[in-house]
Each structure stands twice: as C-alpha cells, then as structure tokens.
Amino acid sequence: MTTDSAHAPATPRTAASGARPADHRRTGTPRPRRRNRDTVAGYVFLSPWLLGFVGLTLGPMLASLYLAFTDYNLFTAPEWTGLENLTRMAGDERFWDSVRITLIYVLVGTPIKLAAALAVAMLLNYKARGTGFFRSAFYAPSLIGASVSIALVWRAMFSTEGPVDSTLNLFGINMGGWIGNPSLIMPMMILLAVWQFGAPMVIFLAGLKGVPAELYEAASVDGAKSWRKFISVTVPMLSPVIFFNLLLEMINAFQIFASAYIIGSGTGGPGGATNFYTVYLYTRAFANNQMGYASAMAWVLLLAVGVLAFILFRTSKSWVHYAGDSK
C-alpha cells in the first residue's frame with residue numbers, strides 16, 4: 001500500500017530544516033568593483049611620492065642623460081655633440097686627478113671608518129653603566145658630519161695656529177697647519193670621515209646582538225682566545241652586516257662634496273688636493289657653465305659606482321655567510 005507522499009516530487013529543503021540555498025555572492029572573493037576602488041585609493045596615497053619621483057628624480061636623470069651628449073651652457077639651446085664629452089674627458093688631466101683623489105679617499109677612508117665603527121660597536125656591546133649615553137654620543141656626529149657648519153669648524157681646527165696645530169706644537173711637532181699643506185689634506189679628510197662612524201657603528205651593534213652566545217662558549221671550550229674568537233666567530237657571523245656597511249659607505253664616500261668644497265674654498269686647493277670628483281663636476285657645471293660636460297661626468301660616476309657594486313655582489317658569495325648556508 002502506497003501513499004501520495006511516496007509519489008510527490010522532491011522539494012528543496014527550507015530554512016526550517018537547517019539548509020540554505022546556494023548563494024554565489026557569499027564565496028569570499030572580493031568584488032571587481034571593490035578591488036578597483038582599493039587600487040585607485042592606493043595610487044591616490046602613492047601619488048605624492050610618484051609625483052616627487054618623476055619630477056625630482058626620474059625627470060632630471062633623463063634630462064641629464066640627454067645633456068651628457070650635448071654642448072650646453074645654460075644660456076643657449078643644447079647642441080648635440082654625441083660622444084665628444086667622453087672624448088674630452090679622456091684627455092682631461094684635472095678629471096683624472098679628481099678620479100685619483102676620490103679613489104684614494106674611498107679605498108683608504110672607507111676601511112678605516114668601518115674598522116673604527118666595528119671596534120667601538122664591540123666595546124659598546126658589553127653591558128655596562130652608561131652605554132646608552134655613549135651610543136648616542138658616538139652616533140651624533142654621523143647626523144651632522146656632512147653639514148657646512150661642521151666643515152667650517154673642521155677647517156678652523158686644522159688651520160695654522162688652530163687647536164690641532166697648537167696641541168701638536170706642545171709636543172714639539174710643528175706642522176704649520178694642515179689646510180695649506182697639500183700632503184696633509186687627504187689625512188684630514190679621512191679623519192673627518194672616520195669621525196662620522198656612528199651610522200655603521202649602530203648597524204654593527206645590531207649585528208653583534210644577533211651572534212649566538214653558544215658559538216663563543218664552544219670556541220672557549222676548544223681553547224680559542226679572544227683574537228681567534230673574533231676571526232672564527234665574530235667576523236663570519238657579521239659578514240652580511242660588513243657587506244651592507246661596506247656597500248653603503250663606499251657609495252657615500254664617492255659622493256663627498258660639502259666638506260671638500262668648504263675646506264678647499266671651492267677651488268679644489270691647496271694644490272688641487274681637494275679636487276674630488278664631485279667638486280670638479282660642480283666646478284665644470286656652475287663655474288665654467290659646461291652643463292653637458294658635467295652631466296657626462298655624473299653618468300660616468302653612476303656607471304663606475306654601479307660596476308663596483310656589481311663586483312661586490314659577485315664576490316660576496318665567497319666571503320659573506322648567511323644563517324643556514326651549507327658553506
């Protein structure tokens with residue numbers, strides 16, 4: 001015996017039975033209109049930076065790239081000359097002299113600055129009273145070291161009968177002032193750079209905090225002394241930080257300008273000892289009104305720094321060790 005319900009067609013379950021009809025709008029994927037609205041909002045917030053980048057960085061870079069192949073003096077229209085500026089550069093003795101001075105400053109000053117930063121960072125890594133004050137005191141010169149006021153103070157300190165000259169005279173060392181002596185200008189400039197070791201010091205200090213104490217304990221068990229711990233534990237563990245600081249400080253050293261310009265009175269003196277690359281570039285651009293030549297110099301500097309950075313990255317594989325590396 002059958003009933004009518006046995007032959008009734010199946011009906012969908014209602015809300016009373018605990019089921020909901022399928023709703024493809026509740027899949028959790030954002031609606032296209034909402035996604036587009038978020039994208040537009042993101043670009044609106046980025047627009048100040050984008051406008052600044054295009055107007056103050058990308059635009060001037062492209063303009064200088066064009067001017068590098070022209071003869072331009074700020075008062076007449078640029079005249080296309082092709083590779084003439086590069087040809088002039090190859091035979092410019094003052095240009096090569098500025099290259100030599102800048103390379104000496106970079107190759108000598110950068111390692112000394114990093115060595116001083118690492119040494120002070122290791123001293124400040126010990127927990128002792130007053131370390132917070134000394135960290136701030138050592139970091140402060142890096143904030144103001146590139147200013148014109150510090151360059152003026154440095155020039156006064158090392159001038160004839162200045163504080164440095166007077167102090168050396170007390171010990172029977174008569175230098176006659178460093179400013180007028182071409183052979184002493186470079187050591188003075190390097191001292192100014194080393195005095196600003198605060199920024200890499202802070203980075204080294206952060207890296208030292210990340211070195212596991214167990215490695216030093218294991219080295220002590222093996223009978224390693226302080227110097228051996230430094231060579232076998234500290235340096236390998238800090239190699240990524242050393243690479244980072246080396247790259248940044250090398251790039252910054254190539255861009256030295258304010259202190260060299262002030263100490264050399266804007267002429268590259270005495271005897272061309274402060275004729276750094278950027279100072280000579282500035283002289284060509286604004287003293288000689290040779291903007292095309294100066295633009296070519298700027299791009300040569302950019303390419304040279306880029307090549308050196310590429311070499312650093314390529315050689316870093318043999319001496320930079322990251323956590324988890326198999327080597």
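The values are calculated or read from the model by the stated rules, or taken from the named source; none is laboratory data. In this text, all values refer to a predicted model and were calculated from it rather than measured experimentally. In this analysis, Cβ positions are derived from the backbone assuming ideal geometry, glycine residues included, and neighbour counts consider all displayed protein chains. What goes into the accessible areas is simple: the full protein's heavy atoms, side chains included, and nothing from ligands, DNA or RNA. Shrake-Rupley method; radii C 1.70, N 1.55, O 1.52, S 1.80 Å.
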**Report entry** For peptides 310-318, 152-160, 271-279, sequence by mean Cβ density within 10 Å, most packed first
**Finding:** 271-279, 152-160, 310-318
Report task. Kindly state, to the nearest 0.05, the FRET efficiency for residue 211 paired with residue 83, given R0 = 41 Å and r defined as their beta-carbon distance. Result -> 0.20
Query - Approximate spin-label separation residue 74-residue 108, in nm, with each point projected 7 Å along Cα-to-Cβ - result: 3.3 nm
Requested in this report: For a quick protection proxy, order the peptides 135-142, 256-263 by their average other-Cβ count within 10 Å, most packed first.
Outcome: 256-263, 135-142
Requested in this report: Would you tally the net charge around residue 135, using a Cβ to Cβ cut-off of less than 15 Å, leaving residue 135 out, and scoring K and R as +1, D and E as -1?
Outcome: +3
Query raised in the report: Of the residues 36, 174, 85, which exhibits the maximal mean-square fluctuation in a Gaussian network model of the chain defined by a 10 Å Cα contact cut-off?
Result: 36
Requested in this report: List the relative contact order of the chain as a percent without decimals, with contacts defined as Cα pairs under 8 Å and 6+ residues apart.
Outcome: 25 percent
Query raised in the report: When the helices in the chain are scored as -39500 (n - 2.57) per DSSP H run of 4 or longer and the sum is shared across all residues, what 222 nm value do you end up with, to the nearest 500 deg cm²/dmol?
Result: -18500 deg cm²/dmol
Query raised in the report: R0 = 45 Å: FRET efficiency of residue 288 with residue 311, Cβ-based, nearest 0.05?
Result: 0.85
Requested in this report: Pop a pseudo-label 7 angstrom from the Cα along the beta-carbon direction at both residue 159 and residue 93 and give the gap in nm to one decimal.
Outcome: 3.1 nm
Query raised in the report: If you keep only loop residues by DSSP, which trypsin sites (Lys or Arg not before Pro) in the stretch 183-237 have at most 16 other Cβ atoms within 10 Å of their Cβ?
Result: 225
Report summary line: From most to least accessible, 1.4 Å probe, no ligand or DNA/RNA atoms counted, 322, 43 line up as 43, 322
Query raised in the report: Reachable lysines from residue 209, Cα under 19 Å, same-chain residues fewer than 8 places away excluded?
Result: 127, 229
Query - Inter-probe distance in nm under a simple model that places probes 7 Å from Cα toward Cβ, at residue 167 and residue 43 - result: 5.9 nm
Report summary line: Ranked output for segments 212-222, 280-290 by mean other Cβ atoms within 10 Å, highest leading, reads 280-290, 212-222
